[in-house]
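Only one structure is covered here, and it is reproduced in the block below.
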Amino acid sequence: MSAAKRRRAPAAEAPPDWHAAQDAIADEAVRLALERSREAGVRLRAAGIAHPEPRGVAGLRKVAVLAKDDLPELQAEDPPFGGMLGVDVGVLRRIHRSPGPINDPEGQRSDYWRMAPAFRAAGFERGDVVLNTFSYHLTPGGHMMDAGLRAVGCVVLPGGVGNTAAQAALASQLGAAGYVGTPQFLLALLERGSEEGIPATFRRALVSGAPLPLELRRLLEESHGVSVYQAYGTADAGAIGYECDAKDGWHIAPGIVVEVLDPGTFEPCDPGGPGEVVVTSANPVYPLVRLGTGDLSTFLPDACDCGRTSLRLAGFLGRTGEGVKVRGMFVHPRQLAEALAGASGVERYQATVTEEDHRDLLTVSVEPAAGRPPDIDELAARLRESTRLRVAVRTVTPGTIPEDACPIIDRR
C-alpha cells in the first residue's frame, strides 16, 4: 500500500467532527457506567450525575478521577475487578494479570482492545507475516496486539518474550515483514541476526511499551531499514493513540475519550501544557469514566498532514504515579516490597532504572542487615518472580540508602 493511500484515513478513524464524536462516546460511557459499574456509579452520583443525558466531555468535569495506581487496592477490597466489570465473569474470553497487580478482563468482541487502526495506520496489510514479541503469559500485551493483527488479516508469529536467536531465525525463515514489541527488543533481534548471518526481513514495526528515543528510531530506520511506528494503550482502556505516516504525535484512537488534566487541579490543560492522560471508554464489558493512566503528555495544537481530524498527543512525557515501565512491563514499589518482605539480611533497598545501549537495566541496591549478609541469588529470584524481569541485585554500604528514599528511581 502506498503512503498516499495510507494518508487517506477511513471515516471510522477520522470523524469529521472530532469533538462531537468524543461527546457521544462520553455520554454512552456514562450510560453504561450507571447501568453496569458500581465503582463508576458512585463517582458519577457524587458529581450529581444519576441519569444518562447528553452532557458531553465537558459534563465529566465534576467527576473525580480514578487513579490507575488505586486499582490493586480497589480490586482487593471488591474482587476480582473492584466493582468495575460490566458483565458476568463467565462470559469473558480471558482474564489477564498486569503488574500492580491488576486483573484485566477481555471480552468476546473481535479486536477487543481496538488495536486494528494502529496497525492500518502503520501500513500492516492482509497476508503480512508479523512477529509479535509481547508476552502471552498472564499479561495482556501479547493478546492485545495479536487481536489487532488478526483483525487486519495478518499472520501472527506468537514469539513472546526472549529467545532472541530463535525468534530472529524463525522470522527470517518465514519472511516476516512486520514486528511488534518494544523498540529495544527489535534492536536486539536485528543485532543478533546480523551477528549470526541471519537475513533481516522486517520492513515495518509497531512498537509500544517502552520509550523510543530519536537516536534509537534513527538507528532502526536508517541503519536497519525498518519503518517504525508507535502505539500507546493500556490493558484497561485498550488503544489510546498511534502514529500515522507523518510520525508527528499520537492520534487519539477511535472509540475512546482522552483528556489531558493538570495533575494538581484536574482541570484541562491548554494545548502544549503537559498533564495526565485521563481516559473514558464506552466499553460494555468494562466501562471506564475518567481513569487516570498516570502517564503525562500534552495535546499538539496543530493539524496533522495526514488529514485525520483527531487530536494528537505529543508522546510520552513521564509519569505521575509510582509505577515505572521497564522493558515493556510496569514495576511498582508494592511489587518490590512484596518480593523482599521477609527476606533475611535486608535492612533497606532501592531500585534504579538505567539505560545502556538502548536497553533498560533494573538494579536493586540492598543494605545488609547487621550480621546477616543477604543471599543475592535468592533476592534476584524473588524479584524476578514478582516483576517478571531480570533484576541485578547488589549490596551497598550501610547508610547509603536514606530511610525515606524513593523506592524506584528512573535515571533514563
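Here are some notes:
- Rg over Rh [alpha-carbon atoms, Kirkwood Rh] for the chain: 0.97
- Virtual spin-label span in nm between H137 and D357, 7 Å along Cα→Cβ: 2.4 nm
- Model label points for A20 and L317, set 7 angstrom from Cα along the Cα-to-Cβ axis, are 3.0 nm apart.
- With 0.36 nm allotted per residue and the present C-alpha distance subtracted, the E222-A392 stretch has 58.0 nm of extension available.
- Principal axis dimensions, the range 124-199 - Cα atoms, whole angstrom, descending: 34, 27, 17
- The DSSP beta bridges internal to the chain are antiparallel in roughly 65% of cases.
- When you restrict to C-alpha pairs under 8 Å that are six or more residues apart and normalise by the size of the chain, the relative contact order lands at 15 percent.
- Label point distance in nm, A64-D78, each placed 7 Å from Cα along Cα→Cβ: 1.2 nm
- Taking a straight Cα-Cα cut-off under 13 Å and skipping sequence neighbours fewer than 8 places away in the same chain, the aspartates and glutamates within cross-link reach of K62 are E267.
- Direction-averaged projected area, Cα convex hull, the range 329-410: 5.3 nm², rounded to one decimal.
- Dividing the mean sequence gap of close Cα pairs (under 8 Å, 6+ apart) by how many residues the range 278-412 holds gives a relative contact order of 20 percent.
- Cα-Cα pairs of the range 270-369 separated by more than 15 Å (percent): 75 percent
- Segment A341..R55, full-extension length gain: 98.2 nm, with 0.36 nm per residue of separation and the alpha-carbon distance subtracted.
- Of all aspartates and glutamates in the structure, the ones whose alpha carbon falls short of 19 Å from that of K247, not counting any fewer than 8 places away in one chain, are E13, E125, E215, E221, E222, D302, D305.
Each value in this text was obtained by applying a stated rule to the coordinates, not by laboratory testing. Given the structure is predicted, the values throughout are model-derived calculations rather than measurements. In this analysis, Cβ positions are derived from the backbone assuming ideal geometry, glycine residues included, and neighbour counts consider all displayed protein chains.
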